[in-house]
1. Just to verify a result, which residue in the stretch 125-157, among those that are of a type in the set (K, R) and closer than 21 Å to E271 by Cα, is surrounded by the most Cβ atoms within 10 Å (Cβ to Cβ)?
2. Would you mention how many residues in the stretch 264-315 are aliphatic (A, V, I, L, M) and touching a residue at least 60 places away in the same chain (Cβ under 8 Å)?
3. Filter the stretch 309-349 down to the residues that are out of contact with any Pro (no Cβ under 8 Å at 6 or more places or on another chain) and either β-branched (V, I, T) or surrounded by 21 or more Cβ atoms within 10 Å (Cβ to Cβ) (or both) and list them by number.
4. For the stretch 137-170, enumerate the residues that are within 16 Å of R208 (Cα to Cα) and assigned to a loop (DSSP other than H, G, I, E, B).
5. Tell me which residues, restricted to the stretch 196-205, are surrounded by fewer than 24 Cβ atoms within 10 Å (Cβ to Cβ) and in contact with a Leu (Cβ under 6 Å, 6 or more places away or on another chain).
6. What pairs can you find where one residue is in the stretch 49-67 and among the aromatic types (F, W, Y), the other is in a strand (DSSP E or B), and their Cβ atoms are less than 7 Å apart, with a gap of 6+ or different chains?
7. Let me confirm something: among A229, A277, which residue is within 27 Å of A335 (Cα to Cα) and either under 24 Å from the mean Cα position of the chain (by Cα) or in the same structural domain as F146 (by TED's automatic domain parsing) (or both)?
Amino acid sequence: MTKSAELGFGIIGSGMIANYHALAIKDALGARLVGVAGRNATTAQALAEKHGAIFHTTDIEALVSRDDIHVICITTPSGAHLEPALAAIHAGKHIVIEKPLEVTVERVDALLAAAQQAGVIVAPIFQARFGANAQLIKSALEAGRFGKLVLASAYVKWHRAKDYYQGWKGTRALDGGGATMNQAIHGLDLLQWFAGMPVEVFGRTTRRVHTGIESEDTACATLRYADGALGNIEASTATYPGWSRRIEICGEHGSVSLEDDTIARWNFREEQPGDEAIRHAAADTAMGSGSSNPSAISHQGHLRQIQDLINHLRDGIPLGIDGPEARKAVSLIRALYASAESGRLVAPA
């Protein structure tokens, strides 16, 4: 692909995460940023001018109706993804959408149904799947190296300062929850990508430090998978100083631990050529870590995903993650919340 075959991109939403999308579009082969729409005219204009977009507006319809825009990035607050996504879908645009797709399964399903009917692509941002070592684990699972899975768990013990929870963060309507929906969702997406969806969830949530928010700053859950394997979730934004996200996959023939995208443990009963090199390989740190600072990530993860979409649209290469796959993380989190509210086991919908 050359720059002569560019796809035009628009961005709806001009908050912090929109800047990462704009940087990724700039660096992607076959993409250019055409326009920005945001509720705040000043921030929309600033984002457009910073990244060389030729158009900015507060009118979503004016953006999505442009013939020179083929893909729309949705970077509004989580619980306000559906409406701008529908506007883009009805205009025939493909969409890149920040995690989570939406904050309830019902709103996710409405979005996906509209996209399917319109024949457009939904590319969700779950950049952790594009880490080199995450993909190594996925390959080992597909090769059957673990044998029967025994335990599959995710631990996301992060730190957010009190001033992080301003505006929509931590609200049920626009954040959809707290530490689990906003921060741990990347780890839970990896967990279910590796081990499959749990069939039962028993959860607890609480507010230990950020007591002024509507949603949880800490959650725990136990999981049961369809084959009988068990697992745990621990999620928090109340712990200091914030540790790397950790995913553990443990089986009868081998176990691994992934910290952000660093292989912390890689041990199998039957060694294969390359295992020792994997244990001593350099970490894939290009995407950074949000464990203690949400702005400490880089745009490289977004770049990998946007390039993945471009490659799919131009060359027919299979998409790394699609909308129905991204639905699973929201379903898992909503099951955890429903269990915490009811005190009962819940099956993800």
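1. R145
2. Residues meeting the conditions: 10.
3. L309, I310, I317, R327, L336, Y337, S339, A340, V346
4. Of everything in the stretch 137-170, those that are within 16 Å of R208 (Cα to Cα) and assigned to a loop (DSSP other than H, G, I, E, B) turn out to be W158, R160, A161, Y165, G170.
5. E200, F202, listed by residue number.
6. F55/V34; F55/G35
7. Within the list A229, A277, the selection yields A229.
Matching residues to (1) touching a Phe, Trp or Tyr at 6+ places or on another chain (Cβ under 7 Å); (2) surrounded by 23 or more Cβ atoms within 10 Å (Cβ to Cβ); (3) not in a loop (DSSP other than H, G, I, E, B):
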position	(1), (2), (3)
R208	no, no, no
R224	no, no, yes
A235	no, yes, yes
S255	no, no, yes
E270	no, no, no
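The values are calculated or read from the model by the stated rules, or taken from the named source; none is laboratory data. All figures in this text were calculated on a predicted structure; none of them were measured in a lab. In this analysis, Cβ positions are derived from the backbone assuming ideal geometry, glycine residues included, and neighbour counts consider all displayed protein chains.
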